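*Asks:* Once you've had a glance at the structure underneath, I'll fire off some questions.
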Amino acid sequence: MLKKNNFLIQIKFKLLFIEYICQTKFLIMKALEFLILGKNEAILTILLRLVNANENWNAVGFNDEKTAQDYFLKNKIDMVLLSSAIEDHVEKEFSTFCLKHQPEVEVIEHFGGGSGLLQSEIYHRLHLKGKL
């Protein structure tokens, strides 16, 4: 019985430690600036709500690539989300534009799949960049 209790205490301690590390990483992580480009207003509104629900994330959305480019040039952006209803050539041109002017920016093509997929895509990119 004593061995079982010690084992459970060790597991609880490890879980608490992991939770603490994760929370600490999120607390010290700098705020991220997002630019979302999408032609479907309803989906753009949802994406803005989902991204802005994270206290360390700030998103602005555009349905016009020229206006988005102007904003991009005037602001430091960490992540660009490309949403639905963007023509292929516009998507490629906008991605090229973003990477040319801010090479450290992450460009993510997100075409749906729910909020869990969106967060996973973002966290995956942060992990690959060593920012998480």
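The values are calculated or read from the model by the stated rules, or taken from the named source; none is laboratory data. Predicted model, so just to flag it, every value in this text is computed and none were measured. Quick reminder, even Gly has a Cβ in these numbers, built from the backbone with ideal geometry, and neighbours come from all protein chains shown. Ligands, DNA and RNA are stripped out before the accessible areas are found, and what is left, the full protein with its side chains, is counted by its heavy atoms. Shrake-Rupley method; radii C 1.70, N 1.55, O 1.52, S 1.80 Å.
*Asks:* Would you mind finding the one in 108, 36 that is among the hydrophobic types (A, V, I, L, M, F, W, C), surrounded by 12 or more Cβ atoms within 10 Å (Cβ to Cβ), modelled with pLDDT under 95 and part of a strand (DSSP E or B)?
*Replies:* Details: 36 fails: modelled with pLDDT under 95.
The conditions single out 108.
*Asks:* A further question on this structure: For a quick check of your reading of the model, give me the residue pairs whose first member lies in region 108-132 and is over 21 Å from residue 98 (Cβ atoms), whose second is open to solvent by 40 Å² or more (accessible area, probe 1.4 Å) and of a type in the set (A, V, I, L, M), with beta-carbon atoms closer than 7 Å and at least 6 apart or on different chains.
*Replies:* 115/50
*Asks:* On to the next question. I need a count of the residues in region 39-74 that are assigned to a helix (DSSP H, G or I) and either in contact (Cβ under 8 Å) with a residue 12 or more places away in the chain or open to solvent by less than 10 Å² (accessible area, probe 1.4 Å) (or both).
*Replies:* Step one: of region 39-74, the residues assigned to a helix (DSSP H, G or I) are 41-52, 65-74.
Going one step further and asking which of them are either in contact (Cβ under 8 Å) with a residue 12 or more places away in the chain or open to solvent by less than 10 Å² (accessible area, probe 1.4 Å) (or both), we end up with 41, 43-45, 47-48, 50-51, 65, 68-69, 71-73.
Residues in region 39-74 being assigned to a helix (DSSP H, G or I) and either in contact (Cβ under 8 Å) with a residue 12 or more places away in the chain or open to solvent by less than 10 Å² (accessible area, probe 1.4 Å) (or both): 14 in total.
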